[in-house]
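Read through the structure below, which is laid out as structure tokens, and then see the notes.
The values are calculated or read from the model by the stated rules, or taken from the named source; none is laboratory data. These numbers come from a predicted model, not from an experiment. Cβ sites come from the backbone with ideal geometry, for glycine too, and all protein chains shown count toward neighbours.
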Amino acid sequence: MTATIRFSDPPALPRPAAHYSMTAEVAGAARWLFVSGQLPVAPDGSVPDSLADQAALVIAHLRAALAHGGMDEGNIVKLTTYLTTREARAPWQAARDAWLAGRVPPASTQVIVAGLADPRCAIEVELIAAA
């Protein structure tokens, strides 16, 4: 059985402030994948200096996690993003929008936080996917 994911923006809710859907309904999911928060830490332990490069590395990690679970971007139900600065918002959203271009955007929450587990990082993203 394959999951069907229906994204919508109910008329009783305000329009999304960015490129995301207000709701995600999953029917028939046989498998769920919960990906822990991914930080922009390279295999050698380094963290990119630029926010755009941090966003790109987080997306690379998320892609790898999805592939490991036999899924891709079309299986994403929900993204949760933690940013340590408002300046990270535009680079993250640009990278996310490019990554998910051509797809109905998943449900999403974005939060500005005081810090992450690794203080060198400005972006952390977790996701939920279904197949």
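Give the number of residues within region 119-131 that are outside any strand (DSSP E or B) and farther than 16 Å from residue 61 by Cα. Walk me through it before giving the result.
Here is the first cut: in region 119-131, the ones outside any strand (DSSP E or B) are 119-122, 131.
Pick out the ones that are also farther than 16 Å from residue 61 by Cα and you get 119-120, 131.
Residues flagged as outside any strand (DSSP E or B) and farther than 16 Å from residue 61 by Cα within region 119-131 amount to 3.
For region 54-73, the criterion of being touching a strand residue (DSSP E or B) at 6+ places or on another chain (Cβ under 6 Å) and in a strand (DSSP E or B) is met by none of the residues. Suppose we keep only residues that are buried (at least 17 other Cβ atoms within 10 Å of the Cβ) and part of a loop (DSSP other than H, G, I, E, B) within region 1-21. Which one would you say is modelled with the lowest pLDDT? Taking the candidates together, the pick is 3. Give the residue that is farthest from residue 64 (Cα to Cα), with candidates limited to residues of region 80-106 that are in a loop (DSSP other than H, G, I, E, B) and without any contact (Cβ under 8 Å) to a residue 60 or more places away in the chain. The qualifying residue farthest from residue 64 (Cα to Cα) is 85.
Do we have any residue at all in region 107-121 that's closer than 17 Å to residue 8 by Cα, free of Cβ contacts under 8 Å to residues at least 40 places away in the same chain and under 13 Å from the mean Cα position of the chain (by Cα)?
As a first pass, look at region 107-121 and keep what is closer than 17 Å to residue 8 by Cα: 107-109.
When the remaining residues are screened for being free of Cβ contacts under 8 Å to residues at least 40 places away in the same chain, the result is 109.
Next, from what is left, pick out any that are under 13 Å from the mean Cα position of the chain (by Cα): 109.
Scanning region 107-121, I find at least one residue that is closer than 17 Å to residue 8 by Cα, free of Cβ contacts under 8 Å to residues at least 40 places away in the same chain and under 13 Å from the mean Cα position of the chain (by Cα), so the answer is yes.
Sort out which residues of region 95-117 are surrounded by 13 or more Cβ atoms within 10 Å (Cβ to Cβ) and modelled with pLDDT of 95 or more, and write them in order of number. Residues satisfying the conditions are 95, 96, 97, 99, 100, 106, 107, 108, 110, 116.
Residue pairs whose Cβ atoms lie under 6 Å apart, sitting 6 or more positions apart in sequence or on different chains, and linking a residue in region 12-38 that is within 22 Å of residue 111 (Cβ to Cβ) to a partner that is hydrophobic (A, V, I, L, M, F, W, C) and exposed (fewer than 11 other Cβ atoms within 10 Å of the Cβ), are 22/13.
Out of the residues in region 29-43 that are part of a strand (DSSP E or B) and of a type in the set (A, V, I, L, M), state the one that is nearest to residue 77 (Cα to Cα). Spell out how you get there, then give the answer.
Pass one, region 29-43, residues part of a strand (DSSP E or B): 32-38.
Subsequent filtering for residues that are of a type in the set (A, V, I, L, M) retains 33, 35.
Numbers: 33: 10, 35: 11 Å.
Top of the filtered list is 33.
Just give me the residues in region 22-51 being among the small types (Gly, Ala, Ser), surrounded by 15 or more Cβ atoms within 10 Å (Cβ to Cβ) and at pLDDT 95 or above, in sequence order. Answer for region 22-51, where residues must be among the small types (Gly, Ala, Ser), surrounded by 15 or more Cβ atoms within 10 Å (Cβ to Cβ) and at pLDDT 95 or above: just 37.
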